[in-house]
Every structure is written in C-alpha cells, then in structure tokens.
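Written out below as structure tokens is the structure these notes cover.
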Amino acid sequence: MTNQFSPQGRPQLPTGGRSFVARLPVRLYQAGLGPLFGKRLLLLHHTGHLTGLHRRVVLEVITYERSDDRLSWTVASGFGPAAAWYQSLRHFPWATVQFGNLRYAATASLLPPETGGDIMTRYAAGHPRLARRLCAFKGFRVDGSPAAFRRVGNSIPFVRLDAIPGDRIV
C-alpha cells in the first residue's frame, strides 16, 4: 500500500488549476448553493491555528448521524494530519458546520486510528466503487478487501463533528 504523503510527512496539496477546482465548492456554498451537494459535502468554518483568522474548507461527509438527541458528521483528512483544517481543529476544536444552507455550532473530536479503520471498512461496504476511487485518488492501492480498507482507514485521520444541541446558527 502506497500513499501520496511526502517523505517529510507533508501532504501534496493541489496547485494551479487543481487548486481552483478544489476551492470551487467553497464559492458555491458562499453563493447559497450548498444544497446542491446534498448530504455528501459540508462547509467547515474554523479558526486558523497559526493566524487566528476565519477559514473555510469543504469536506466530504463519510458518515452523517441524526437522531432526536444527536447530530454529527464524520470527515476524513485525505491530505493527512498536516492539513491546515485538521491542525486547526487540534488546537481549536470549536467550529461551525454548514450543511446545505443550515449552520450548526459544533465541537470536533479527533478519532483514534482503529475507529478510522472501522469507519473506512463500513464506508467501503456501502460505497465500494467510490471507496476504491477515493483510495486511488489519495494514492492508496487496495485490492477491495475489508482488510485493505481497514489499513487505509487506520492511516487516515478522521474527525467527528458534533453539533452542539440547541445551538443552530441562523
């Protein structure tokens, strides 16, 4: 299994035209078009850990849980633990999640690698082709077995974002 993290442990971030395409969903959310993404993507508003400035990033929702007393999203840092948003949540675990056109105050919990393995295994069982493409895009080679997806999940940082009950932001 190989991955796209450089030997220095820094992720290979998109540049040029790929950077523009990667930031396009943020612009669509800003234009009020968040509902176009359904339950697949969310816009995370967070505080930059080095600058203290407001930052935004669109992330794929791996799991979405809603019940009478809980609302949470699980996201993955496909660019590894050095991703700016991930580092920011390590330092300041309070954020705002925009899901569609609704905003929620949320707290972030960094999940242990074993939990990431379980999450990736379940995700792959429900979305086999998408999981394989995601792994290939991130530089991981998998044979499609649950054990391979578990290994990938163990090496990707996952974060659970829990909405603060009764604290929806209008």
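What follows draws every value from the coordinates through simple rules; no lab data is involved. If you're wondering where the values come from, they're calculated on a predicted model, not measured in any experiment. Cβ: placed from backbone, ideal geometry, glycine included. Neighbour counts: every protein chain shown.
If I take R0 = 30 Å and measure r between the Cβ atoms of Asn101 and His127 in this structure, what FRET efficiency does the formula 1/(1 + (r/R0)^6) give, to the nearest 0.05?
Details: r = 25 Å, r/R0 = 0.83.
In this case the efficiency is close to 0.75.
With unit charges on the beta carbons (Lys and Arg positive, Asp and Glu negative) and the dipole taken about the Cα centre of the chain, which residue among Leu161, Val26, Thr74 sits farthest to the positive side?
Val26
Pairing the Cα long axis of helix 128-137 with the longest principal axis of the chain, what angle in degrees results, from 0 to 90 and rounded to the nearest 10?
So the helix axis and the longest Cα principal axis differ by about 90 degrees.
Output the Cα-based Rg and Dmax of the chain in Å, rounding Rg to one decimal and Dmax to a whole number.
Every Cα atom of the chain included, Rg and Dmax give 15.7, 45 Å.
Quick one: which of 84-92, 43-51, 63-71 comes out on top by average Cβ neighbours within 10 Å, and what's the full order, highest first?
In decreasing order of mean packing, 84-92, 43-51, 63-71 become 84-92, 43-51, 63-71.
What do you get for the angle between helix 16-30 and the principal long axis of the chain? Use alpha-carbon atoms, 0 to 90 degrees, nearest ten.
The helix 16-30 is inclined about 40 degrees to the chain.
Please state the charge dipole magnitude for the range 5-155, taken about the Cα centre, from unit charges on C-beta atoms (+1 on K and R, -1 on D and E), reported in debye and rounded to the nearest 20.
For the range 5-155, the charge dipole is close to 500 debye.
Relative to the longest principal axis of the chain, what angle (0 to 90°, nearest 10) does the C-alpha long axis of helix 113-126 take?
Roughly 90 degrees, rounded to the nearest 10.
Using a Förster distance of 35 Å, how high is the FRET efficiency between Leu53 and Arg151, based on the Cβ-Cβ distance and rounded to 0.05? Show your work: numbers first, answer last.
Values: r = 36 Å, r/R0 = 1.03.
The calculated FRET efficiency here is 0.45.
Please list, in order, the residues from the range 99-136 whose amide nitrogen is less than 15 Å from a point placed 7 Å along the Cα→Cβ vector of Asp69.
none
In Å, what is the Rg of the alpha-carbon atoms in the range 29-117, and how long is Dmax?
12.9, 38
Charges at C-beta only: +1 for Lys and Arg, -1 for Asp and Glu. How large is the resulting dipole of the range 76-143 about its Cα centre, in Debye rounded to 20?
260
Mind jotting down the three principal axis lengths of the range 72-170 based on Cα atoms? Whole angstrom, largest first.
Principal extents (largest minus smallest coordinate, Cα): 44, 26, 21 Å.
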